[in-house]
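The values are calculated or read from the model by the stated rules, or taken from the named source; none is laboratory data. Source: prediction; values computed, not measured. Glycine also receives a Cβ, built like all others from the backbone with ideal geometry; neighbour counts cover every protein chain displayed. Surface areas here come from the heavy atoms of the whole protein model, side chains and all, with no ligands, DNA or RNA. Shrake-Rupley method; radii C 1.70, N 1.55, O 1.52, S 1.80 Å.
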Amino acid sequence: MGFVVTSLIFLLIGIIASLSTRIFFNKGPSANLFHLTLVLTSTTCCWMMWAIVYLAQMNPLIVPILSGE
Amino acid sequence: MFPGKMEQFIDNLPPMDLMRSEKMTFVQLIIPAESAHRAISYLGELGLLQFRDLNADKSPFQRTFVNQVKRCAEMSRKLRFFKDQVNKAGLMSSSRTLLQPDIDLEDLEVHLAEHEHELIEMNSNSDKLRQSYNELLEFKIVLQKASGFLISSHGRAVSGEIELQDNGYSNDDYGDTASLLEQEMRPQPSNTSGLRFISGIICKSKALRFERMLFRATRGNMFFNQAPAGEQIMDPVSTEMIEKTVFVVFFSGEQARTKILKICEAFGANCYPVPEDISKHGQITREVTSRLTDLEATLDAGIRHRNKALTSIADHLAKWMDLVRREKAVYDTLNMLNFDVTKKCLVAEGWCPMIAKAQMQEVLHRATFDSNSQVGIIFHQMDAVEAPPTYFKTNTFTNPYQEIVDAYGVARYQEANPAVYTTVIFPFLFAMMFGDWGHGICLLLGALVLIARENKLSTQKLGSFMEMLFGGRYVILLMSLFSIYCGLIYNEFFSVPFHIFGPSAFRCRDTSCRDAYTTGLVKYRDPYPFGVDPSWRGSRSELAFLNSMKMKMSILFGVAHMNLGIILSYFNARFFGSSLDIRYQFVPQMIFLNSLFGYLSLLIIVKWCSGSQADLYHVMIYMFLSPTDELGENQLFWGQRPLQIVLLLLALIAVPWMLFPKPFILKKLHTERFQGRSYGILNSSELDLEVEPDSAREHHHEEFNFSEVFVHQMIHSIEFILGSVSNTASYLRLWALSLAHSELSTVFYEKVLLLAWGYDNLVIRLVGLTVFAFATAFILLMMESLSAFLHALRLHWVEFQNKFYHGDGYKFKPFSFASLTEDDD
């Protein structure tokens with residue numbers, strides 16, 4: 001689906017998650033900031049992991065060589 | 001302008017929960033003596049004031065309230081005794097919290113003394129009764145068995161001359177036994193000759209030695225007959241049921257009798273007189289049996305009475321223990337206070353959070369009112385010399401993470417708290433090392449079970465391992481969720497890949513697939529959309545690809561994590577107003593790390609995007625060894641060589657930049673401050689560990705030890721420079737552990753499950769399945785979890801936190817009734 005498209009999907013999921021935590025767990029500005037930090041950190045980590053694995057497979061230097069049965 | 005706007009934006013943000021510890025204030029309370037006890041009790045209920053011990057130089061016996069403390073200790077001893085008795089009697093203390101009237105401490109003391117006295121008396125009575133019961137029981141058994149011997153020996157006895165006499169008993173407290181027994185016990189005129197016997201009962205384990213000893217003592221002139229008792233008897237010493245043996249010793253002569261009696265006493269054998277007249281046996285047996293039943297009835301009545309008393313105690317026990325614990329705590333706290341000059345008021349000093357001030361004043365007003373005191377309690381803020389304690393307000397979700405951070409070191413007052421990021425990154429790093437969504441689902445189920453039974457488990461007393469697991473249930477929940485995510489990315493479900501996200505990106509070169517085993521498949525479309533392509537599993541080049549990918553992933557995550565740490569040090573420096581730290585520590589550190597390892601990360605990404613065959617090891621090493629050489633086929637982008645030279649120079653400049661300026665500037669500021677008119681407050685996060693930012697006091701150090709500061713800075717810089725290489729390499733454990741996990745998983749799957757499944761036999765299949773299940777549960781789920789947990793923890797504690805965390809504070813421990821546990825008794 002392409003790198004950019006999926007990255008945008010991650011971004012969208014991150015925004016939706018932040019908004020949902022703000023709506024459902026609104027506990028004052030300092031708590032909200034903390035929740036936002038948590039959501040942003042997890043979204044960033046998840047995106048990074050996916051992006052690294054995707055990029056590593058974009059132009060592979062080696063290919064799978066099946067093991068003979 | 002842009003940094004300025006950024007800084008404004010950052011300043012305008014509200015303070016983040018949990019990022020910095022609560023603001024604390026040092027307060028002094030002046031409490032009139034009559035309201036002291038009540039005030040301290042109410043403060044204990046509130047639980048937000050950490051008292052400072054003003055009598056630290058006095059021994060416990062010199063303190064004012066030592067008598068009350070002693071009384072409380074004595075009461076708690078009595079309560080422990082009651083609890084012991086209740087447990088021994090096997091009664092359940094009812095947990096109903098009855099509407100019991102609040103009891104006064106003095107009344108309770110009297111109550112407890114009464115109950116204790118009563119209980120001790122009841123216990124000693126029943127002990128005596130039990131002892132008599134045991135003796136009678138033994139006598140009955142001896143009668144039964146010994147009569148058997150005597151009948152047989154009587155039958156064998158030659159007429160007349162042999163007189164069987166009763167003798168030889170060594171028990172004295174038979175004062176109140178029946179008539180026939182009394183007759184038997186009157187000492188008979190002993191004949192000097194004739195066959196006599198001693199009958200008794202002895203522990204089975206000692207019987208053989210006893211017999212041998214008797215044989216030796218009487219030089220063989222004795223006849224020993226024994227039979228097992230048949231029923232177990234309670235040994236009064238050890239209160240256990242033991243096997244006993246009835247014996248009868250036939251002997252002749254007076255010396256033999258004394259010797260045998262002494263040996264019986266030494267071996268703890270109880271001798272009972274058995275009448276040689278067979279006809280009397282029946283009568284005596286009947287009497288003994290009736291006495292036994294009487295005694296049993298008495299004993300039962302006694303036990304019932306005692307249990308009734310114990311039950312009534314047990315109902316109140318928990319409440320009393322709580323009360324005594326609280327009172328002792330209150331008196332211990334009162335002992336920390338000082339009397340002021342007029343001797344009518346107590347002075348207390350302590351730390352409390354700023355936000356709790358209003359609550360505290362309200363509590364103190366209530367105490368004054370409740371104790372009908374004329375004088376109010378004075379509560380005012382003071383300045384303190386020492387640094388305030390660190391207090392984080394955590395909830396059940398953030399508490400385990402804060403404890404994980406505190407286990408390494410409690411944060412310095414108001415420095416940035418790594419727990420904010422640890423909450424997400426720690427489970428994520430765990431998941432990177434554990435990535436398998438099958439195992440992740442197992443962990444998730446475990447975590448959900450713990451969370452679902454939260455209410456029940458939090459009231460129970462759990463073992464230490466279960467307690468740790470239960471305390472960390474939210475950590476395990478996050479760990480499992482991220483493990484499922486990483487498992488989907490690594491495409492491993494108990495090491496089996498799936499095609500969840502579409503077909504593989506690889507296929508055979510041609511339809512016959514001949515080349516697939518020699519030159520391999522070919523990539524014909526876009527990469528697999530989510531995660532590792534399932535074609536890799538089982539191929540010969542699998543490890544080559546995965547190792548390369550996971551190593552680079554570890555480096556990328558490591559550099560990002562370390563950068564986050566350095567950025568947190570920037571925020572710390574800003575908060576404490578130390579521009580020195582920003583300019584001469586943060587900036588060169590960022591430059592050094594990113595010009596080397598940030599550049600490496602960039603190269604990795606460029607290589608991936610372009611598919612170049614450049615050797616990154618070669619590039620990095622020759623960037624240092626011969627930076628001006630042509631790159632040739634290792635060129636990844638245009639302008640790489642000049643960029644590398646620039647970055648190398650920047651890194652080289654950064655080293656003296658972080659090493660030299662700061663000590664010299666500190667020295668200059670110090671001389672300016674103490675010799676000139678300048679009021680520049682010396683604020684450096686490294687230098688003085690005693691000055692907290694919002695203190696109005698000047699720090700006490702008049703001398704400024706330049707060499708010490710310089711060496712400190714040098715150590716810090718060298719640690720950073722050398723550490724940047726070692727820490728980056730340390731993140732490779734993410735690769736190593738995930739490789740180990742995946743290989744173990746593969747081995748168990750292929751060599752256990754598939755192997756067993758290959759056979760047609762049901763038994764072999766079941767055995768294989770069981771072995772697979774156990775191996776997965778114990779090795780992969782438990783051992784690997786612990787291993788990944790430990791390594792993720794190490795990455796946090798060392799590689800992340802050494803970029804910004806000082807961790808030399810002390811924890812806020814308020815005087816609170818809620819934190820008193822049973823262990824304090």
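Could you sort the peptides B:272-280, B:107-115 by per-residue average Cβ neighbour count (10 Å cutoff), highest mean leading? Intermediate results must be reported in sequence, preceding the final value.
Numbers: B:272-280: 18.3, B:107-115: 14.9.
Result, highest mean Cβ count within 10 Å first: B:272-280, B:107-115.
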Given a 1.4 angstrom probe, what's the average accessible area per residue across segment B:468-558, in square angstrom? 41 Å²
Strictly under 4.7 angstrom between C-beta atoms: which cysteines of the protein assembly as shown have no such partner? A:C45, A:C46, B:C72, B:C203, B:C264, B:C271, B:C345, B:C352, B:C442, B:C486, B:C609
How do the peptides B:717-726, B:197-206 rank, highest first, by the average count of neighbouring beta carbon atoms within 10 Å per residue? B:197-206, B:717-726
Taking chain B as the reference, fit the longest principal axis to its C-alpha atoms, fit the long axis of helix B:2-12 to the helix C-alpha atoms, and give the angle between the two in degrees, 0 to 90, nearest 10. 30 degrees
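At the nearest 100 Å², what buried accessible area, both sides summed, do you get for A and B when the probe is 1.4 Å? Walk me through the numbers on the way to the answer.
Values: alone 5910 and 44390 Å², together 46160 Å².
Result for this pair: about 4100 Å² buried.
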How big is D for the protein assembly as shown, in µm² s⁻¹ as a whole number, if Stokes-Einstein is applied with the Kirkwood radius of its Cα pairs at 25 °C and 0.890 mPa s? 68 µm²/s
When Cβ neighbours within 10 Å are restricted to other protein chains, what is their mean count per residue of peptide B:488-499? 1
Restricting to Cα pairs under 8 Å and 6 or more apart, the percent relative contact order of chain B works out to 20 percent
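Within 10 Å of each Cβ in B:514-521, how many Cβ atoms from other chains are there, averaged over the peptide? Numbers along the way, then the final one.
Details: counts 0, 2, 6, 5, 3, 2, 5, 4.
That works out to 3 on average.
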Farthest toward the dipole's positive end in chain B, which of B:Y474, B:L580, B:A207, given Cβ charges of +1 (Lys, Arg) and -1 (Asp, Glu) about the Cα centre? B:Y474
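Evaluate the charge dipole of segment B:291-387 about its Cα centre and quote only its size in Debye, nearest 20, assuming +1 on the Cβ of each Lys and Arg and -1 on the Cβ of each Asp and Glu.
On the way: 12 positive and 13 negative charges, 68 e Å.
Computed about the Cα centre, the dipole is about 320 debye.
Measure up B:K70/B:K328; B:K83/B:K461; B:K393/B:K456; B:K319/B:K456; B:K206/B:K244; B:K88/B:K308 against 19 Å on the Cα-Cα distance and list the ones that go over. Spell out each step's value before the answer.
Values: B:K70/B:K328 9 Å; B:K83/B:K461 17 Å; B:K393/B:K456 24 Å; B:K319/B:K456 21 Å; B:K206/B:K244 9 Å; B:K88/B:K308 14 Å.
Among B:K70/B:K328; B:K83/B:K461; B:K393/B:K456; B:K319/B:K456; B:K206/B:K244; B:K88/B:K308, the Cα-Cα distance tops 19 Å for B:K393/B:K456; B:K319/B:K456.
Per residue of B:784-791, how many C-beta atoms from partner chains lie within 10 Å of its own C-beta, taken as a mean?
So the per-residue partner count for this stretch is 0.
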With the dipole of segment B:380-444 worked out from charges on the C-beta (+1 for Lys and Arg, -1 for Asp and Glu) around the Cα centre, which of B:I441, B:T396, B:V420 lies farthest toward the positive end? B:I441
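So for chain B, what percent of the C-alpha to C-alpha distances run longer than 42 Å? Let's see the in-between values first.
On the way: 208127 of 339900 pairs.
Across chain B, Cα pairs with separations above 42 Å total 61 percent.
Show me B:766-774, A:42-50, B:345-353 ranked by packing, highest mean number of other Cβ atoms within 10 Å first.
On the way: B:766-774: 14.6, A:42-50: 19.4, B:345-353: 22.1.
Per-residue Cβ counts within 10 Å, averaged per peptide and sorted highest first, yield B:345-353, A:42-50, B:766-774.
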So, with a 1.4 angstrom probe, what is the percent of accessible area on chain B that is carbon and sulfur? 59 percent
Sort out for me the Cα centre separation of segment B:445-489 from segment B:419-435, rounded to whole Å. 15 Å
For helix B:542-575, report the angle its Cα long axis makes with the longest principal axis of the Cα atoms of chain B; keep it between 0 and 90° and round to the nearest 10°. 90 degrees
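When the dipole is taken about the Cα centre of segment B:246-340, and only Lys, Arg (+1) and Asp, Glu (-1) are charged at their Cβ, what size is it in debye, to the nearest 20?
Values: 13 positive and 13 negative charges, 20 e Å.
The dipole magnitude comes to about 100 debye.
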Calculate how steeply helix B:357-370 sits against the longest principal axis of the alpha-carbon atoms of chain B, using the helix alpha-carbon long axis, and give the answer as 0 to 90 degrees to the nearest 10. 30 degrees
Report, ordered by chain and residue number, the lysines lying within cross-link reach of B:K607, taken as a straight Cα distance under 16 Å and ignoring same-chain residues fewer than 8 apart. B:K550, B:K552
